[in-house]
Structure formats: C-alpha cells, structure tokens
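The values are calculated or read from the model by the stated rules, or taken from the named source; none is laboratory data. Note that the structure is a prediction, hence the values are computed from the model and not measured. As a convention, Cβ positions derive from the backbone with ideal geometry for all residues, glycine included, and neighbour counts pool all protein chains shown.
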Amino acid sequence: MAGLSTKAIKTRIKSMASTRQITKAMELVASSKLRSAQSRAVACRPYFTALYEAMNEIADSSRSFESPYLRQAGPGKTIYIVIAGDRGLAGGYNNNILKLVYSQMEDGAAVLPIGKKAVEYFKRKNVTVITESYAEAASVSIGDCYTIARLLADGFLSGDYQNVALVYTNFVSLLAQTPAALPLLPLTISAEKQTNAQRAMIYEGGSEAVFNAIVPEYLGGVLYGALCESTASEQAARRMAMDAASKNADEIIENLNLQYNRARQGAITQEITEIVAGAEQS
C-alpha cells in the first residue's frame with residue numbers, strides 16, 4: 001500500500017468503515033437469533049425425553065416384544081438427513097458438516113438435505129437427493145419435521161432403505177460447535193429394569209401398536225431438536241466469524257489511519273521544503 005495518495009487511503013478507510021458496520025450488524029442479528037434457537041432447543045427437550053422413556057418402558061413391558069423398527073441393521077441403502085445453513089459467512093459451519101457426511105457415504109446412499117447449502121453441495125457431488133422441499137432451513141417448521149419423520153418411517157418399513165442417519169451440528173457453547181452423525185433407524189432401545197406395576201401396564205391396542213405409533217413422533221422430535229441445535233450452532237459460528245471480521249476491520253482501519261497521517265505529514269513536509277527552497281532561490 002506504499003505510495004498511495006492521502007485521497008486513496010481516505011477512500012480505503014471509508015470503505016473499511018462501511019464493511020465494519022455491516023459485520024457488526026450481522027453479529028448483533030446472529031446473537032439475537034442464537035438466543036431464540038437456544039430457547040427452542042431447551043424447551044423441546046423434556047417432551048422428547050419423555051417420549052424416549054415411554055418407548056423404553058413399552059419395549060421392556062413384554063419379553064416377546066417385537067417391532068419392525070427394532071430389526072438389526074444390515075447392508076443396504078442408507079439415507080442421510082443433512083442439516084446445513086442457507087447462507088455462508090458462518091466460518092466453517094457448512095463445510096464441516098458437509099465434509100463429515102460425504103466422508104461416511106457409501107455407494108448408493110441418498111440424502112434428504114435441509115438448508116440451501118446442503119442442497120447445492122450434494123447436487124454438485126451428483127448424490128441422489130430425495131427431495132428439495134426443505135431447501136430453506138429457516139422456514140422448516142416442527143410440522144415439517146413430523147412430515148419428514150413419517151416419510152422416513154414409511155420408507156424404512158417398506159424396505160426402500162435399510163438405515164437412516166441424521167447429520168447435524170451439536171451446539172456445545174458459543175465457541176464450540178461439533179458435527180455429529182446420529183443413527184435413527186433401526187432403533188436401539190436400552191431396556192431397563194422396571195417395577196412390577198410398570199410391567200403390568202396394559203396398552204390399549206397392544207404394546208407393539210402403541211410403540212409403532214410413537215416412533216414417527218419420536219423421530220420428528222429428534223429431527224426438530226437437531227434443527228434447533230444446528231440453527232444455534234450456525235448463529236454462534238456466524239457471530240464469531242463476524243466478530244473476528246469486525247476486529248480485523250478495526251485493525252486495518254487503524255493501520256490505514258497511521259499510513260494516512262504519515263502520507264499527510266510527508267506531503268506537508270514536502271510542501272514546506274519546496275517553499276523554503278523557492279524563498280532561498282529568490
């Protein structure tokens with residue numbers, strides 16, 4: 001940047017100041033959205049924890065209990081539900097999750113992408129995309145999650161795919177977000193010892209029917225929880241990225257101001273030298 005005129009440096013300072021205003025505004029917006037996503041994630045956890053406990057109780061209520069959702073995982077087509085963002089400027093959030101799932105995929109695997117970045121990535125990689133109906137992650141509702149869950153459950157029962165996995169980003173803290181792959185189907189139920197009263201519970205329609213009816217609800221809940229976790233992770237990553245960009249802009253502006261002052265001082269010194277030289281010649 002040596003040799004730039006004071007006018008050019010001043011233009012750069014003005015440009016960087018405008019950039020800093022944008023990054024600071026995006027940081028504040030991300031902070032607001034992060035709080036909202038965290039609240040949703042925390043609020044839904046008790047309900048889905050209760051569902052999972054109910055499934056364990058039902059599965060353990062009878063020694064002869066069987067369900068097609070509990071069949072052993074075997075070779076066959078796998079479908080991945082991948083949750084990514086709609087926009088960039090979020091550090092490594094999108095790249096980390098997309099690289100994770102792509103490294104685990106086998107030939108013939110398919111994806112159900114949630115988020116514009118996921119749709120674009122897998123289409124570019126020529127991976128089979130089940131549907132693009134959820135390309136806007138920000139607009140996916142809890143009702144959409146239950147619709148996806150029923151789609152997955154029906155496809156699993158009909159044998160369209162043998163395994164279902166969910167890939168999302170787990171929100172650990174503002175500074176840490178971890179990509180995670182969670183097997184959804186077939187289910188793994190950890191049966192625990194129960195009291196005689198629990199074992200004596202009678203389910204109308206049969207325990208298997210009740211269990212099979214709960215599974216899609218449970219899957220929808222897990223999916224919604226993962227969506228909230230991913231949204232919180234995206235906003236946290238974007239907040240940190242914009243904070244770093246703002247600090248970088250501050251540093252650049254500071255350096256430009258130093259260069260501007262030096263250039264201005266140099267111009268003044270040059271002007272004084274020329275005046276003195278002219279006076280001596282006359």
Practice item. Would you check if there is a residue in the range 219-241 being of a type in the set (Asp, Glu), closer than 30 Å to residue 117 by Cβ, in a helix (DSSP H, G or I) and in contact (Cβ under 8 Å) with a residue 60 or more places away in the chain? Key: yes
Revision key, fill the gap. A careful count of residues in the range 82-109 that are buried (at least 18 other Cβ atoms within 10 Å of the Cβ) and among the small types (Gly, Ala, Ser) gives 5
Practice item. Look at residue 189 and say whether it is under 22 Å from residue 148 (Cβ atoms) and either hydroxyl-bearing (Ser, Thr, Tyr) or modelled with pLDDT under 80 (or both). Key: yes
Check your understanding: Quick check: is even one residue across the range 14-34 touching a residue at least 24 places away in the same chain (Cβ under 8 Å), hydroxyl-bearing (Ser, Thr, Tyr) and surrounded by fewer than 18 Cβ atoms within 10 Å (Cβ to Cβ)?
Key -> yes
Point to revise | All helices (runs of 4 or more DSSP H) inside the range 71-167 with 3 or more residues being among the polar types (S, T, N, Q) | key: 93-104
Exercise for review: Sort out which residues of the range 141-178 are of a type in the set (A, V, I, L, M) and touching a Phe, Trp or Tyr at 6+ places or on another chain (Cβ under 9 Å), and write them in order of number.
Suggested key: 142, 148, 149, 152, 153, 157, 164, 165, 166, 167
**Study point:** residue 77 being farther than 19 Å from residue 141 by Cα and loosely packed, with under 15 Cβ neighbours inside 10 Å
**Key:** no
Review point. Inside the range 251-280, can you point out the residues that are surrounded by 13 or more Cβ atoms within 10 Å (Cβ to Cβ) and under 30 Å from residue 32 (Cα atoms)?
Key: 252, 253
Point to revise | Conditions (1) closer than 30 Å to residue 38 by Cα; (2) exposed (fewer than 15 other Cβ atoms within 10 Å of the Cβ); (3) at pLDDT 85 or above: number failed by residue 173 | key: (3)
**Study point:** Pairs where the first residue, in the range 97-112, is within 16 Å of residue 130 (Cα to Cα) and the second is at pLDDT 90 or above and crowded, with 22+ Cβ neighbours inside 10 Å, C-beta under 6 Å, 6+ apart
**Key:** 101/80; 101/82; 101/167; 110/79; 111/80; 111/82; 111/122; 112/81
